Amino acid sequence: VQKSEPFVIKADLWNDALANEDLDQLEFIAGIKPFFELFYNSIAGFYLLLHQIRSVMNHPELILHTVPLGTAGMFKISQYLNSRFRLVPTDYQIDLFVKFLRGNNDSNASHLRVDIAFPSQQVLHTLTERNIPSFQVSGYPCRLGILKSSEQLFSSDEETRTKKREDDQKVLSIQGVDVVHDRIVFIMMGTLHRSWSKLSKIVRMIAELSDSLAPSNGRLHVFLAQAFEVNSETKEVVSQGRVGAEVLAQQVDARLLELKRNGSRFVFHPLGWVKENDVAVLMRHSVTVCKGGGGTVAELVAMDGQAVFDTTVSHALEWEKYAIRWMEERGRGEGIFELGNNSDQLISALERAFAQKEKREKSYYAPILKNHFHLDWLYSVLVDTISSTLSSEATTFSNTQLRNEEFSYMAE
């Protein structure tokens with residue numbers, strides 16, 4: 001696929017709209033999406049998709065679909081090629097992934113299976129409406145390091161849990177954090193062009209009112225993840241036009257130095273690019289300030305994190321509003337529109353988030369949803385596909401578990 005790039009769409013309009021937080025443009029693009037669906041569901045769309053697939057592989061045994069566009073058309077292709085079709089929604093709201101899709105009957109029962117993050121009533125109702133009885137609860141596809149950290153943190157083995165907590169404390173202590181007495185805000189706002197001016201406002205707001213957020217006998221630490229990648233060899237910025245956390249640190253540095261001289265208990269950590277294992281640690285032990293993308297929400301869920309969401313962009317994206325609402329209903333988050341423009345609203349939301357998090361940690365130590373989406377899932381999909389190739393009948397989903405050495409090999 002990378003060689004021929006048949007499915008790469010230059011989504012410049014969408015990316016620019018996201019970068020500039022242009023809600024009108026986002027709503028317009030989201031609004032015309034049904035027309036693309038109708039095209040992919042047409043005869044012309046069918047032959048276009050068929051040509052694109054065959055330019056890569058003449059007869060795939062498995063088609064794995066992960067985007068909320070063209071699902072019905074791609075499913076028809078799988079039936080035409082007699083290939084198995086696996087739909088993996090990459091948002092908590094699955095409606096857009098199954099729109100125009102009609103599910104199993106006697107003739108296609110072996111073709112279609114959907115992997116869902118969790119069996120909520122709304123998800124099950126949507127599957128029933130689309131006549132899709134064949135589904136697997138596998139969790140949300142998020143980064144491997146996050147899932148491994150979650151499994152260790154919430155393991156049934158007490159020794160594993162204890163070691164993970166101790167390792168987390170070591171990571172944070174290197175940054176000068178006292179896990180028992182200090183509080184942490186982790187800001188992870190993505191790669192949008194306008195985010196840096198907003199981030200500067202957010203950091204300043206928190207710094208100015210840090211004494212009200214800091215615990216009586218501790219400090220308030222603010223960790224900032226950068227929003228660009230640097231080439232490890234040339235040290236050049238890969239994503240041009242974006243400034244890094246170091247530049248932001250310079251922008252707010254004078255005020256932070258003044259606060260420090262005045263004895264403020266505010267500590268600012270511009271981290272640069274943050275590895276997923278460190279993201280897991282910070283999400284677990286902080287209140288995360290972020291956007292409502294499905295991947296971010298899934299990682300928060302995996303680490304049982306608490307969040308304050310910037311809903312400026314989510315206001316135009318129904319699937320992000322759904323994910324944020326899902327977190328709010330479970331007491332794990334709160335959404336704020338135009339997060340960088342109201343310091344009182346932001347500080348109040350952070351205070352409520354810390355209160356919820358600390359109350360939960362005293363009484364309950366388990367994730368709201370166990371995420372099973374890891375390489376065991378990939379292994380079982382392959383086993384399922386191979387088994388179906390060797391048999392004329394549909395096979396049941398394999399729950400084969402990987403041994404540690406197999407897991408490490410597949411991870412590589």
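The values are calculated or read from the model by the stated rules, or taken from the named source; none is laboratory data. Just so it is clear, the structure is predicted and the values come from calculations on it, not from any experiment. No Cβ is skipped: glycine too gets one built from the backbone with ideal geometry, and neighbour counts run over all protein chains shown. We work out accessible area using only protein heavy atoms, side chains counted, and drop any ligands, DNA or RNA first. Shrake-Rupley method; radii C 1.70, N 1.55, O 1.52, S 1.80 Å.
Some observations on this one:
- Count of the stretch 119-159 residues which are aromatic (F, W, Y) and more than 16 Å from Q93 (Cα to Cα): 1
- The number of residues in the stretch 270-292 being modelled with pLDDT under 85 and not basic (K, R) comes to 5.
- Hits in the stretch 141-193 (condition: within 30 Å of S212 (Cβ to Cβ), in contact (Cβ under 8 Å) with a residue 40 or more places away in the chain and among the charged types (D, E, K, R)): D168, D178, R183
- Search result, residues across the stretch 121-140 that are open to solvent by less than 20 Å² (accessible area, probe 1.4 Å) and free of Cβ contacts under 8 Å to residues at least 40 places away in the same chain: V123, T126, L127, I132
- Unmet requirement for I9, which otherwise passes all of (1) open to solvent by 50 Å² or more (accessible area, probe 1.4 Å); (2) among the hydrophobic types (A, V, I, L, M, F, W, C); (3) modelled with pLDDT of 80 or more: (3)
- Pair list, Cβ under 6 Å, 6 or more apart: the stretch 303-314 residue under 9 Å from F337 (Cα atoms), other residue part of a strand (DSSP E or B): F309/G333; F309/G335; T311/G335
- Spans of helices (runs of 4 or more DSSP H) in the stretch 113-214 with at least 1 residues among the aromatic types (F, W, Y) and in contact with an Asp or Glu (Cβ under 8 Å, 6 or more places away or on another chain): none
- Of the residues in the stretch 305-313, not one is open to solvent by 10 Å² or more (accessible area, probe 1.4 Å) and under 29 Å from V171 (Cα atoms).
- Matching option when the condition is touching a helix residue (DSSP H, G or I) at 6+ places or on another chain (Cβ under 9 Å), open to solvent by 10 Å² or more (accessible area, probe 1.4 Å), among the aliphatic types (A, V, I, L, M) and at pLDDT below 90, among L224, L153, L144: L144
- For the stretch 16-66, the tally of residues that are farther than 23 Å from F100 by Cα, in a helix (DSSP H, G or I) and either open to solvent by less than 50 Å² (accessible area, probe 1.4 Å) or of a type in the set (S, T, N, Q) (or both) stands at 5.
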